[in-house]
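Take a look at the structure below.
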Amino acid sequence: MPLALAACLTATGTGSAAPPGTEKTRIDFAQRYRALQHGGIVRAANSAITCRRAVDRTAESCARARGGLPGANDDFDMFYVDVDDDPNTYNSSTGEVRLPPHSRVSYARLYWGGNLRAGEQKPPKDNGRVLIAEPGGAYKPVIADTPVGHRVTDGADAFQASADVTRLVRSAGGGAYTVAQVNVAKGHSKAGAWGGWTLVVAYENAAEPLRALAVYDGFDATGG
């Protein structure tokens, strides 16, 4: 049974921080951000884990699956993506925030999550923390500022967390952001190994149409 979480934004910044370690098996979907402004919403995202080798003899090779041919996570032994040169991180990946010229960031929120159970079982104590580096910058710790969604179902141990990063993104602007230390398991299981992050950015730009912007988020099981 898949789990889903939609990205969220708020116009005024961070709300009340959740107590450390707060987790919920279900978080109601609700509006996190709304604004009537000239501008839009963009996203940057990437995976924290990728295929290493096929374990199903009928599956495409890892290289061919990465190239776009059909494949499922449970067809492969999965291992961490690690694009930085930092020996203190075991996973890291980069995504680009593409803002139109002369835009001002009105809100930004980082989401991350994954499966804690595959070929190994990761402890949940680090679910609510990651590292982020802005374009040309060094890593900075990010701590979840709302309850972390965490649920064990159908062989998976899934979680999702998020935090307000408006100040950082407003200051740094567009470009390549790197996120590291997403707490996900490597290996293989029937449920598959997965994990990654999404950075959601709302912006104002006088050259764009007036738009009603709204983003909702939550955490729950989907499907039958």
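The values are calculated or read from the model by the stated rules, or taken from the named source; none is laboratory data. Treat the numbers as computed from the prediction; the structure is a model and nothing was measured. Cβ sites come from the backbone with ideal geometry, for glycine too, and all protein chains shown count toward neighbours.
Any idea which residue in the range 127-138 is surrounded by the fewest Cβ atoms within 10 Å (Cβ to Cβ), counting only those that are on the phi < 0 side of the Ramachandran plot and part of a loop (DSSP other than H, G, I, E, B)?
Only one residue fits best here, namely ALA138.
Provide a single number: the residues in the range 164-185 that are hydroxyl-bearing (Ser, Thr, Tyr) and in a strand (DSSP E or B).
First, pick out the residues of the range 164-185 that are hydroxyl-bearing (Ser, Thr, Tyr): 166, 171, 177-178.
Checking which are in a strand (DSSP E or B) leaves us with 177-178.
Count: 2.
Looking at ALA161, is it surrounded by fewer than 23 Cβ atoms within 10 Å (Cβ to Cβ) and either assigned to a helix (DSSP H, G or I) or modelled with pLDDT of 95 or more (or both)?
Here the answer is no, as ALA161 does not meet what is asked.
Looking at VAL152, is it in contact with a Lys or Arg (Cβ under 9 Å, 6 or more places away or on another chain), under 24 Å from ASN73 (Cβ atoms) and without any contact (Cβ under 8 Å) to a residue 60 or more places away in the chain?
Details: in contact with a Lys or Arg (Cβ under 9 Å, 6 or more places away or on another chain): yes; under 24 Å from ASN73 (Cβ atoms): yes; without any contact (Cβ under 8 Å) to a residue 60 or more places away in the chain: yes.
Answer is yes for this residue.
Is the range 139-146 home to any residue that is surrounded by fewer than 24 Cβ atoms within 10 Å (Cβ to Cβ), modelled with pLDDT under 95 and in a loop (DSSP other than H, G, I, E, B)?
Scanning the range 139-146 turns up at least one residue that is surrounded by fewer than 24 Cβ atoms within 10 Å (Cβ to Cβ), modelled with pLDDT under 95 and in a loop (DSSP other than H, G, I, E, B).
Within the range 187-223, can you find the residues that are more than 27 Å from ASP28 (Cβ to Cβ), modelled with pLDDT under 95 and assigned to a loop (DSSP other than H, G, I, E, B)?
HIS188, SER189, LYS190, ALA193
In the range 18-64, what residues are small (Gly, Ala, Ser), in contact (Cβ under 8 Å) with a residue 12 or more places away in the chain and farther than 26 Å from ARG98 by Cα?
ALA18, GLY21, ALA30, ALA54, ALA59
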